[in-house]
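One structure is given below, encoded as structure tokens.
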Amino acid sequence: MSFQNLFIPHQRNKEERQWLDEEIAEQQLRYQAIVKAMEELAPTRERWYAEFLDRIQTRGFNVDGDMRVKIQHEDIPLRPDRPHKVVY
Amino acid sequence: MARPHIEPFCDRDVPFKPMKLKGFGGGMHYKMLSLDTDTGACTMTVKLDGGYAQKPGFSWSELELLVIEGELQVGDKTVGKGHYFFVPAGHAMPAWRSAQGCLLLMMYNTGEPSLVESDTHHPDARTDRYHETDSYNDIPWALGNVTKPNVASGCLIKLLNFNDRSHALTFLYCMTPHFWQDNISYHDCAEESYHLWGDSWMMQFGTVPTGGYFWRPAYINHGAFASELGCIALGRTDSKLFNHFHYNPWSTVEENQARAAARTAERDPLLYRWIVQHGHNHPHGPEDFEDTMQRIGGSRKYRSVQPDKNKPFAHSHGQHGQHHHGDDKAHDHDH
Ligand SMILES: [Fe+2]
């Protein structure tokens, strides 16, 4: 996080510290739920990837704005042999 | 760590919680969208009950605020849907009231939410940076080409804030119904979005509805993009936005980072040489996965092994392609 604007240093009190700890714990749960949901989406996502790789050969790949180029079949990437994730 | 990757999330899926931090009035409720675990900086949807009242005061953190629904009285001024405030840390806001209640998007950029009762600014406040606008009525929609390469037609923006040091942006954006853009993007900055209305789809994360949200750290693939009904959203970046477009759905964050550095070396060779490499004249750039990734027709790197003499920092290693630089990457290099 680097909005790089002014932050005025101050001492966090006990209530603020406790609030932050609770929020961090809840965020961890939200994050885990997202990771799980995104793993469950994997089969659908694979289909979306395949459709995308097809469209960029036919309708075209957006290089810049509406400028599109058709990607040659031989240039289509192969799925690497390693686990794939979309949430980091 | 900073804020984790929260994507996708929809605030409609969770209930409001009462705000317990001191200083805020009773009748403030919130849903946490994302939180920086070190600084406490966060983005929240906030509901103020009818009759809400808050004393004048400032925050230790920089605050951005957008009215989503309803009306908010700030001092003697009443603002409504689409009103945006940029409030520097230490800048005292007048008293707040909301007769009928309202829904807000509140973004504390540099620390946890705080409200210190005061009718004067903190001596360190950068009061010159304060600004506000009725974004729905006072700013026209402009083409989304704030950077090159840019988004496809049908994605429009209204710029709300620009940080002249970090080039961080805050903007409203909309996608027209049936918008689509067939590329995968990543950035050198974190990106955040809250869907005020409508839907949008990305092929990694699926469809995000009204109330949908993401906080996405740098270098994470997103897109292709589409919107069925259209959408309007608040977007932010935490530093300069550059669209690294490509079409490899499986590239990793590390590969995307290396490619970003490789492209910096190509685009700004002097900058790369003197800043990124600290003056060390290294003829190799980092690896651009577009040169080395496995494609149906084989990787590009091995299709052409002739060095391009026009590229100052690229040279060919021949068919073997790789050699070891050691772990610390600092070494003398004679070729
Ligand atoms: Fe993006």
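Helix A:42-58 and the longest principal axis of the C-alpha atoms of chain A enclose an angle of approximately 50°.
For the pair the stretch B:18-35 and the stretch A:19-80, the centres of their Cα atoms are 34 angstrom apart. Once the chain from B:THR176 to B:ASP119 is taken as fully extended at 0.36 nm per residue, the excess over their C-alpha distance is 16.2 nm. Gain on full extension, evaluated as 0.36 nm per residue between B:SER153 and B:TRP141 minus their Cα-Cα distance, stands at 3.1 nm. With a 10 Å cut-off around each Cβ of A:15-21, the average count of Cβ atoms from other chains is 4.
Within 10 Å of the Cβ of each residue in B:195-208, the mean number of Cβ atoms contributed by other protein chains is 2. Taking a point 7 Å out from the Cα of B:GLU71 in the direction of its Cβ, the residues of the stretch B:78-114 whose backbone N falls within less than 19 Å of it are B:78-85, B:94-105. In the context of the full set of protein chains, residues of the protein assembly as shown present 47 Å² of accessible surface per residue (probe radius 1.4 Å, heavy atoms only). Mean residue ellipticity, 222 nm, helices only, chain B: the sum of -39500 (n - 2.57) across DSSP H runs of n ≥ 4, divided by residue count and rounded to 500, is -2000 deg cm²/dmol. Highest mean first, the peptides B:108-120, A:17-29, B:36-48 sorted by other C-beta atoms within 10 Å per residue fall in the order B:36-48, B:108-120, A:17-29.
Remark: accessible area buried at the B-A interface is about 6200 Å², both chains counted, probe radius 1.4 Å. The contact residues of the stretch B:219-250, meaning those that lose at least 50 Å² of 1.4 Å-probe accessible area when all protein chains sit together rather than their chain alone, are B:ASP238, B:TYR247, B:PRO249, B:TRP250.
In percent, how large is the relative contact order of chain B, given Cα pairs closer than 8 Å and 6 or more residues apart? Reported relative contact order: 13 percent. Within the straight-line cut-off of under 30 Å between alpha carbons, the lysines reachable from B:LYS240 are A:LYS70, A:LYS85, B:LYS31, B:LYS81, B:LYS148, B:LYS158, B:LYS311, B:LYS329, sequence neighbours fewer than 8 places apart in one chain being disregarded. Charge tally around A:LEU6: other residues with Cβ under 14 Å, Lys/Arg +1 each, Asp/Glu -1 each, net -2.
Inter-chain Cβ neighbour count for B:292-298, averaged per residue, equals 5 (cutoff 10 Å, partner chain atoms only).
Going from the isolated chain to the complete set of protein chains, the stretch B:22-46 loses at least 40 Å² of heavy-atom accessible area (1.4 Å probe) at B:MET32, B:LEU35, B:THR37.
Note on B:TRP197 and A:ALA25: the model spin-label points, each 7 Å out from Cα along the C-beta direction, lie 4.0 nm apart.
To the nearest ten degrees, helix B:253-267 and the longest principal axis of the Cα atoms of chain B are 70 degrees apart.
Sorting the segments B:136-147, B:181-192 by their residues' average number of neighbouring beta-carbon atoms within 10 angstrom, most packed first, yields B:181-192, B:136-147.
Label sites at B:LYS240 and A:LEU41, each approximated as a point 7 angstrom past Cα along Cα to Cβ, lie 3.1 nm apart. Estimated at 0.36 nm per residue, the fully extended path between A:ASP66 and A:ARG82 surpasses their Cα-Cα distance by 2.4 nm.
Per the 1.4 Å probe, what fraction of the accessible area of the protein assembly as shown, in percent, lies on carbon and sulfur atoms? Here it works out to 53 percent. Given R₀ = 45 Å, what would the calculated FRET efficiency be for B:ALA95 paired with A:GLN32, taking r from the Cβ atoms and rounding to 0.05? It comes to 0.65. With a cut-off of 20 Å on the backbone N, the residues of the stretch B:144-168 near the modelled label site 7 Å out from B:TYR130 along Cα-Cβ are B:160-164.
The values are calculated or read from the model by the stated rules, or taken from the named source; none is laboratory data. Note that the structure is predicted; figures quoted are calculated from it, not measured. For neighbour counting, all protein chains shown are included, and Cβ atoms are generated from backbone atoms with ideal geometry for every residue, glycine included. Just so you know, the surface numbers come from the protein's heavy atoms only, side chains and all, with ligands and any DNA or RNA stripped out. Shrake-Rupley method; radii C 1.70, N 1.55, O 1.52, S 1.80 Å.
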